[in-house]
């Protein structure tokens, strides 16, 4: 194999890795975005409100806040818990 071919193959591999890294970074940004968390919180509230309405809960709009608030709070506290767990786990190795 010629050096030129090897260099070309390496350049292609680097390009593939860089494209993958961009996709992974975009996915990570989406997973932690305020827009995503807010969207899921609103969807959770609406679905819970509809279900509670159909099963006859009297204050269904107020009651629907419970699962929506639970989701929102869990998403906001999980990064801190994750950081604590990583630090704790790293100390045990």
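The values are calculated or read from the model by the stated rules, or taken from the named source; none is laboratory data. On a predicted model such as this, the values are computed, not experimentally measured, just so you know. Neighbour counts are summed over all protein chains in view; Cβ atoms, including those assigned to glycine, are modelled from backbone coordinates with ideal geometry.
Looking only at residues in the range 83-93 that are at pLDDT below 85 and assigned to a helix (DSSP H, G or I), the one that is farthest from residue 44 (Cα to Cα) is 91. Screening residue 7 with (1) under 27 Å from residue 73 (Cβ atoms); (2) surrounded by 10 or more Cβ atoms within 10 Å (Cβ to Cβ); (3) modelled with pLDDT under 95 gives one miss only, at (1). All of 56, 91 fail the test of being at positive phi and loosely packed, with under 11 Cβ neighbours inside 10 Å, apart from 56. Would you confirm whether or not the range 26-38 contains a residue that is in contact (Cβ under 8 Å) with a residue 24 or more places away in the chain and not in a helix (DSSP H, G or I)? Within the range 26-38, one or more residues are in contact (Cβ under 8 Å) with a residue 24 or more places away in the chain and not in a helix (DSSP H, G or I).
Of the residues making up the range 59-70, those that are within 27 Å of residue 27 (Cα to Cα) and surrounded by 17 or more Cβ atoms within 10 Å (Cβ to Cβ) are 67, 68.
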